[in-house]
1. Tell me, yes or no, whether region 38-46 has at least one residue that is touching a residue at least 40 places away in the same chain (Cβ under 8 Å) and surrounded by 11 or more Cβ atoms within 10 Å (Cβ to Cβ).
2. Tally time: how many residues in region 77-115 are more than 19 Å from residue 21 (Cβ to Cβ) and in contact (Cβ under 8 Å) with a residue 24 or more places away in the chain?
3. At positive phi and in a loop (DSSP other than H, G, I, E, B) - does that describe any residue in region 64-79?
4. With the condition kept exactly as written, say whether any residue in region 52-61 is over 30 Å from residue 20 (Cβ atoms), touching a residue at least 24 places away in the same chain (Cβ under 8 Å) and either touching a helix residue (DSSP H, G or I) at 6+ places or on another chain (Cβ under 6 Å) or crowded, with 16+ Cβ neighbours inside 10 Å (or both).
5. Take the residues of region 72-111 that are more than 28 Å from the chain's Cα centre (by Cα) and surrounded by fewer than 14 Cβ atoms within 10 Å (Cβ to Cβ): which is farthest from residue 52 (Cα to Cα)?
6. Just checking, which of 92, 100 is closer than 18 Å to residue 30 by Cα, modelled with pLDDT of 95 or more and part of a helix (DSSP H, G or I)?
């Protein structure tokens, strides 16, 4: 048996590694967005529990600006929705990548198994 893998198999292995890296990136992004959703939910809870006449401030650049409770709640809820939409998109990407990784692994195994025996 030759120690060198055929170019087609080398290309498939490189492609598999690339897909696995993409999958890891998607999973990392999804995890970060999950954390942002949790943070935003906590912020929403805190704002909802605040009295209607409480002073609320929002960071705008290096400045804190006083804002109304309703406006803050609306912005936080919109942020949360945006994060959730992005998570759903990443979940679809993750599923497609997993399918492609599995498919490529099976192809590689079938191509390598006759050589092993």
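1. Yes.
2. Initially, region 77-115 is screened for residues more than 19 Å from residue 21 (Cβ to Cβ), giving 77-88, 106, 109-115.
From what is left, the residues that are in contact (Cβ under 8 Å) with a residue 24 or more places away in the chain are 77, 79-80, 83-84, 86-87, 111-112, 115.
Here the count works out to 10.
3. Of region 64-79, the ones at positive phi are none.
Taking every residue of region 64-79 in turn, none turns out to be at positive phi and in a loop (DSSP other than H, G, I, E, B).
4. no
5. 110
6. 92
The values are calculated or read from the model by the stated rules, or taken from the named source; none is laboratory data. In this text, all values refer to a predicted model and were calculated from it rather than measured experimentally. Backbone-built Cβ (ideal geometry, glycine too); neighbour counts: all protein chains shown.
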